[in-house]
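The values are calculated or read from the model by the stated rules, or taken from the named source; none is laboratory data. Computed from a prediction, not measured in an experiment: that's the story for all the values here. Glycine gets a Cβ as well: all are built from the backbone with ideal geometry, and neighbour counts include every protein chain shown. Remember, those area values only see protein heavy atoms, side chains included, never the ligands or the DNA or RNA. Shrake-Rupley method; radii C 1.70, N 1.55, O 1.52, S 1.80 Å.
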Amino acid sequence: YVAAVYEHESILSPSPAALVERRSALELMGRNLDVYEQQVLAAARQGAQIIVFPEDGIHGFNFTRSSIYPYLDFVLHSHSGKWNPCREPYLFNDTEVVQRLSCMALKNKIFLVANLGTKQPCERPDPRCPADGRYQFNTNVAFAADGTLLATYRKHNLYFEYAFDTPPEPDYAFFDTPFAGKFGMFTCFDILFFEPAVNLIRQYNLKQIVYPTAWMNQLPLLSAVEFQQAFATAFNVNILAANIHHPTLGMTGSGIFTPVKSFIYHNMESYGGKLIVAEIPVITTDYKTSLEKTPGRVPEKGKEQSPPSFHAEMMYDNFTFVPVWGEKGELQVCANTLCCYLNYRRAVLTDELYALGVFDGLHTVHGTYYVQACALVKCGGLSFSTCGQEVTDATALIDFQLWGNMSTPYIFPLLLTSGITLDFADHMGWKNNYYFLSKNRTSSGLLTAAIYGRWYEKD
């Protein structure tokens with residue numbers, strides 16, 4: 001099927017904390033919706049059957065609970081599938097944004113997914129009802145090609161979004177299409193958690209995901225395109241990921257991802273939006289990694305050379321590293337119950353420092369979640385203290401086998417190359433309780449090769 005995602009540089013309110021009238025909120029959102037309209041038309045002309053827009057694309061961000069209120073549409077959560085806002089605009093008040101989106105889908109005969117703020121009145125008997133008598137949700141809406149509202153999803157894992165409420169129960173949102181079956185839906189930070197993302201995919205056996213996001217890139221392990229690709233690979237799904245474009249805030253990185261190929265956009269240099277359109281295969285079967293053919297050998301303890309280990313901060317976590325010196329070698333580094341092993345060979349020795357790092361613990365900055373990670377990374381400079389820094393360019397071509405005795409089945413294989421480009425491993429998967437990742441000759445200099453495990457039960 002042909003899919004489109006749009007990385008949108010949203011027109012932002014100059015003072016999001018100021019209280020404004022609904023009229024001026026609609027005026028600002030209208031300017032963003034004008035851009036959406038052009039992009040839906042452009043995507044439809046290129047044969048797209050579905051288009052996805054980013055999180056916060058219509059209203060922007062940095063609101064307070066009260067200042068976002070005029071930007072919120074009324075969307076009845078239970079109403080999906082029965083209402084066509086374009087054809088029945090009179091059913092509810094304060095649905096101008098939803099109406100416009102519905103009409104874009106109808107006019108261009110395209111499935112459309114967008115993110116907006118919604119409100120829902122609640123009453124005192126409800127013990128969770130906020131003091132101002134209403135819920136405010138960060139909401140995705142999906143429309144059919146005839147403009148019908150098919151599904152809504154209210155973001156569950158909020159990322160410092162004080163204007164919004166967490167829904168009482170996780171939403172498991174999906175909708176059906178004639179061209180690719182069911183699509184599941186979740187938002188941004190949700191991708192790092194079991195609920196609802198992983199549970200949704202497993203429970204409903206979903207193979208296609210739409211993913212509005214407003215992701216701030218964090219190298220070396222959580223760049224948007226890097227993690228979106230790893231998620232598609234880990235769960236054997238296609239992901240249509242639309243990010244917002246604000247390079248000054250570190251926000252870029254969208255794409256159409258399949259487990260074996262990707263169409264991505266990552267651009268920190270220039271301004272303006274970007275439409276990506278690609279034809280991808282519908283995934284119908286469960287993917288089995290070809291483990292029998294793997295060249296992986298399980299490490300023999302004590303065989304590795306052990307250069308000095310050192311500690312450095314990476315992604316706000318205290319990693320234990322060993323330097324990766326010389327043109328070839330075997331290394332091991334451990335923390336808690338996790339041991340990481342690396343077998344490597346460099347084609348040409350460059351004056352770049354690489355290190356093998358391990359972390360097995362609770363990540364606590366900008367969210368709390370348990371991580372097990374084995375990571376081969378390029379350091380920022382030549383001193384140990386630079387390992388774990390954000391690096392975007394590299395020249396070293398390294399053949400490697402990386403493996404770890406992971407305690408969780410949820411492993412995200414990361415492989416990032418120079419200029420924030422993606423590469424694909426030759427082999428990966430489980431062998432004798434070790435997860436491994438191997439690659440001969442990356443397409444360009446290696447930035448990060450990592451086995452990133454999420455141990456959800458220990459969150």
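Figures for the structure shown
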quantity	calculated
Qualifying residue in the range 268-287 (condition: modelled with pLDDT of 95 or more and farther than 30 Å from R45 by Cβ)	no
Residue within the range 313-321 that is open to solvent by 40 Å² or more (accessible area, probe 1.4 Å), part of a strand (DSSP E or B), over 19 Å from L219 (Cα atoms) and not assigned by the TED database to the domain that holds Y162 present	no
Hits in the range 322-377 (condition: open to solvent by less than 50 Å² (accessible area, probe 1.4 Å) and acidic (D, E))	E330, E352, D360
Given (1) without any contact (Cβ under 8 Å) to a residue 60 or more places away in the chain; (2) under 28 Å from I11 (Cβ atoms), number of the condition E123 does not satisfy	(2)
Strands (runs of 3 or more DSSP E) wholly inside the range 120-235 that include at least 1 residues being farther than 26 Å from N267 by Cβ and either of a type in the set (D, E, K, R) or touching a Leu at 6+ places or on another chain (Cβ under 8 Å) (or both)	134-143, 149-154, 173-177, 181-185
Residue under evaluation V298, criteria (1) farther than 15 Å from I451 by Cβ; (2) at pLDDT below 95; (3) of a type outside the set (K, R), criterion not met	(1)
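Yes/no per residue for (1) within 23 Å of I209 (Cβ to Cβ); (2) touching a Pro at 6+ places or on another chain (Cβ under 8 Å):
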{"site": "D126", "(1), (2)": "no, no"}
{"site": "G133", "(1), (2)": "no, yes"}
{"site": "Y159", "(1), (2)": "yes, no"}
{"site": "P168", "(1), (2)": "no, no"}
{"site": "F179", "(1), (2)": "yes, no"}
{"site": "F186", "(1), (2)": "yes, yes"}
{"site": "I191", "(1), (2)": "yes, no"}
{"site": "E195", "(1), (2)": "yes, yes"}
